[in-house]
Each structure stands twice: as structure tokens, then as C-alpha cells.
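To start, the structure under review is shown below, and the notes come after it.
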Amino acid sequence: MKAVVCDINPAMLQEGKKKVVEGGYFDGKGFEQVEFVEGDAEALPFDDDSFDIYTIAFGLRNVTEIPLALSEAKRVLKPGGRFFCLEFSRVENPILGPLYDVYSFNVIPAMGELVAQNREAYQYLVESIRKFPPQQELRRLMIEEGFSSVEYENLSAGIVAIHSGFKP
């Protein structure tokens with residue numbers, strides 16, 4: 001089995017390589033089981049039908065065109081391959097949702113300023129989460145792009161969700 005790590009940001013790829021070595025996953029002699037590739041989720045540098053599994057974690061909300069990124073994910077999956085997306089989502093509980101919104105827009109940016117001296121980055125994080133499609137909408141987009149057996153599972157009351165679907 002081989003894993004391919006793809007990111008548009010070369011600095012993030014370097015961090016990934018460092019974590020693989022520091023984490024003890026390899027003895028430092030090589031990356032024969034992990035390949036690091038610079039690439040854009042909206043124009044993946046891989047052949048059609050290349051992968052059994054495609055995962056994206058906390059990245060889909062940062063692409064410009066979500067349907068295009070979903071289409072590319074489906075293109076590179078082998079028939080029967082499975083797509084997984086772990087992403088911040090919407091709290092669907094009518095009591096917890098408004099409380100989480102207050103926390104998100106007030107506490108998270110303030111913590112970013114206090115801990116990382118970067119309020120703007122954490123404000124962007126909160127705003128990008130709110131602009132991302134809610135669970136049912138992302139499910140609909142996946143179906144429109146041709147995925148089958150599309151489902152999602154809320155984690156932490158919907159703060160994050162895992163969406164999955166198969167390439168027919």
C-alpha cells in the first residue's frame with residue numbers, strides 16, 4: 001500500500017515530510033510508501049482511475065470551486081473507490097448551534113490573538129467555516145458530481161462531519 005499526499009502549498013508538503021520522519025513512520029532512508037506531490041485539488045496531477053481511496057481533511061472549504069474539486073476527486077478514483085471528506089460543518093442542534101456561533105465568532109479569534117498573535121487568521125477560519133456548505137448541501141453537491149451511496153456522519157454535534165461516497 002502506498003499513500004500519496006497532495007497539497008498546493010510546498011511548505012505544507014515539507015512539514016508533512018518532516019512529520020512522517022519525526023513521527024517514526026519511517027527510518028529516514030526513504031519515502032517508498034509515501035509520495036508527496038504538489039498539486040491543486042481543482043486540477044489534480046494524477047491519471048484517471050488512479051486511487052482506491054481519496055481523503056481530504058479540512059481542505060475542501062479552502063478551494064475556490066467545490067464542485068470542481070469533487071469532480072476531480074471522482075475522476076482520480078478507481079471505479080468502486082471511496083471518497084472521504086472531514087471538514088468543519090454546522091451544528092444542527094437548535095440549542096447548541098447559536099451557542100457555538102457565539103463561541104466561534106468571539107472566543108476563537110480572541111484565543112488566536114492571545115496564543116498565536118494572529119486574530120485575523122482565526123477570524124478567517126470562523127468565516128470560512130460559515131461559508132462552507134452545510135451537511136445536506138455538501139451531500140447534494142457530491143450526488144450531483146456523480147458519487148453514489150453518499151452519506152455523512154456528524155462528529156461533536158456537527159462541529160465537524162465526515163462525508164463519504166463511492167465512484168460508481
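The values are calculated or read from the model by the stated rules, or taken from the named source; none is laboratory data. If you're wondering where the values come from, they're calculated on a predicted model, not measured in any experiment. Here the Cβ is made from the backbone with ideal geometry for all residues, glycine too, and neighbour counts use every protein chain on show. Remember, those area values only see protein heavy atoms, side chains included, never the ligands or the DNA or RNA. Shrake-Rupley method; radii C 1.70, N 1.55, O 1.52, S 1.80 Å.
Which order, highest average first, do 78-91, 43-56 follow once you tally other Cβ atoms within 10 Å for each residue and take the mean per peptide?
78-91, 43-56
Could you grab the relative contact order for the chain? Cα pairs under 8 Å, six or more apart, rounded to a whole percent.
Relative contact order comes out at 22 percent.
Enter the accessible area per residue of the chain (Å², integer; probe 1.4 Å; all protein chains in place).
Result: 60 Å² per residue.
May I ask you to rank ILE162, ILE8, ILE108, ILE143 by accessible area, largest first, using a 1.4 Å probe over the protein chains only?
ILE8, ILE143, ILE162, ILE108
Return the Cα extents of segment 53-102 along principal axes one, two and three, sorted largest first, each rounded to a whole Å.
Principal axes ranked by extent give 42, 23, 14 Å for the Cα atoms.
Taking H as built 1.01 Å from N, whose amide H comes closer than 5 Å to the amide H of VAL34, not counting residues under 5 places away?
Sorted by chain and number, the residues that satisfy this are ALA3.
When the helices in the chain are scored as -39500 (n - 2.57) per DSSP H run of 4 or longer and the sum is shared across all residues, what 222 nm value do you end up with, to the nearest 500 deg cm²/dmol?
-11000 deg cm²/dmol
List the aspartates and glutamates whose Cα sits under 18 Å from the Cα of LYS2, skipping any in the same chain fewer than 8 residues away.
Qualifying aspartates and glutamates at Cα under 18 Å: ASP27, GLU32, GLU35, GLU38, ASP47, ASP48, ASP49, ASP52.
Gain in length, GLU65 to LYS131, computed as 0.36 nm per residue apart minus the alpha-carbon separation, to one decimal in nm?
Contour length minus the Cα-Cα distance gives 22.5 nm.
Report the label-to-label distance for GLU42 and ALA3 in nanometres (one decimal), using points 7 Å from each Cα along the Cα→Cβ vector.
2.7
Tell me, Kirkwood radius of segment 114-168 from alpha-carbon pair distances, in Å?
It works out to 13.0 Å.
Once you put a point 7 Å from the Cα of THR55 and another 7 Å from the Cα of ASN154, both along the Cβ direction, what distance in nm separates them?
2.4
Can you give the relative contact order of segment 80-168 as a percent, counting alpha carbon pairs under 8 Å and 6+ residues apart?
Worked out over segment 80-168, it gives 45 percent.
Run the accessible area of the chain with a 1.4 Å probe and give the carbon-and-sulfur part as a rounded percent.
56
Grab the alpha carbons of segment 1-87, take their convex hull, and tell me the volume per residue in Å³.
Dividing the Cα hull volume of segment 1-87 by its residue count gives 101 Å³.
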